[in-house]
Amino acid sequence: MSREQQLAEALVGLADSFADDVDPVVLVDRLAQHCVEITGADAVGIMAVTARGDLRTLAVTDDQAGFLELFELQTDEGPCLDCFREGHRVDARDLAADTDRWPLVVPFALNSGFRAAHALPLRVHGQTVGAVNLLLRRPGGLAPLELDLAQALADVSAVALVNWTPDPLRATDVASSVQAALAGRAAVSMATGMIAETAGVSLAEAHGLLRAYSRDRHQRLVDTAHALIRRTLAPDAVITPRS
């Protein structure tokens, strides 16, 4: 199977949070296994934040006691904990050089045969809810493409995990979500037209201005569109870049 096929199947499987057999345990197990298969990592562990704000191991690709203990150590220090606290990827391409940074985790990892590690955030709408740890038995770490693919898998999984519910999804819930999406698209189209007319630019350029305005202010595109339609936001504010 090609890399493209693997990735496509992984994303479909992770996004299918409406399937009857998908629960949080199945979801994170899939994520861990997909990360191994697609990135070439030797082992993967996933940690999630508890209600008390600390991390706990949610899934691992190796059930050996030593491997589990390695992740238990990372509740106090390590790439996963730093990734969770800082909200961005942490790379340790040569763990032997990070003994001072993680004096407990690094010796244990090296003794277990791991020489490099990456920790990727599990995040939803800018909020980090956990971390994915990719471990390798060789120094140097993974290539940027592999890390980007793993982050994409983690992002899809985090959204599905947060939106999971033990109650069966009703047909009306699906219909409502689709209608909300259609209404949002209509609002964006209307707002795009307003920007195009005011600025005298093409629809494509107007849509770019709308997206840039929303992105720079960390707003949802549909919220910016609604503000324009309701006249609580002037088109000129979107057209003129913020200094």
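Quick notes on this one:
Here is a yes/no grid of residues against (1) touching a helix residue (DSSP H, G or I) at 6+ places or on another chain (Cβ under 8 Å); (2) closer than 22 Å to GLN33 by Cα; (3) small (Gly, Ala, Ser):
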residue: ASP54; (1), (2), (3): no, no, no
residue: PHE71; (1), (2), (3): yes, yes, no
residue: GLU77; (1), (2), (3): yes, no, no
residue: VAL105; (1), (2), (3): yes, no, no
residue: ARG115; (1), (2), (3): yes, yes, no
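- Being more than 21 Å from the chain's Cα centre (by Cα), modelled with pLDDT of 85 or more and under 24 Å from LEU145 (Cα atoms) holds for only one residue in ASP82, ASP100, ASP76, ASP94, and it is ASP94.
- Exactly one residue out of LEU110, LEU120, LEU70 is outside any strand (DSSP E or B) and either buried (at least 23 other Cβ atoms within 10 Å of the Cβ) or not assigned by TED's automatic domain parsing to the domain that holds LEU147 (or both), and it is LEU70.
One line per residue, one yes/no per condition, for (1) modelled with pLDDT of 80 or more; (2) under 20 Å from HIS125 (Cβ atoms); (3) part of a helix (DSSP H, G or I):
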site: LEU145; (1), (2), (3): yes, no, yes
site: LEU149; (1), (2), (3): yes, no, yes
site: LEU153; (1), (2), (3): yes, yes, yes
site: SER157; (1), (2), (3): no, yes, yes
site: ALA181; (1), (2), (3): no, yes, yes
site: GLY184; (1), (2), (3): yes, yes, yes
site: SER189; (1), (2), (3): yes, no, yes
site: ALA196; (1), (2), (3): yes, no, yes
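- Close Cβ contacts (under 7 Å, 6 or more residues apart or on different chains) running from residues in segment 188-202 that are free of Cβ contacts under 8 Å to residues at least 12 places away in the same chain to residues that are part of a helix (DSSP H, G or I) comprise ALA196/LEU203; ALA196/ALA206; SER202/ALA196.
- Residue check, ALA32 surrounded by 14 or more Cβ atoms within 10 Å (Cβ to Cβ), part of a strand (DSSP E or B) and modelled with pLDDT of 80 or more: no
- Residue tally, condition in a helix (DSSP H, G or I) and under 11 Å from ALA117 (Cβ atoms), over segment 83-97: 2
- Extreme residue, farthest from ALA191 (Cα to Cα), among residues of segment 213-243 that are without any contact (Cβ under 8 Å) to a residue 24 or more places away in the chain and assigned to a helix (DSSP H, G or I): ARG215
The values are calculated or read from the model by the stated rules, or taken from the named source; none is laboratory data. Remember, it's a predicted structure, so these values are computed and weren't measured experimentally. Neighbour counts run over all protein chains shown; Cβ positions are idealised from the backbone, glycine included.
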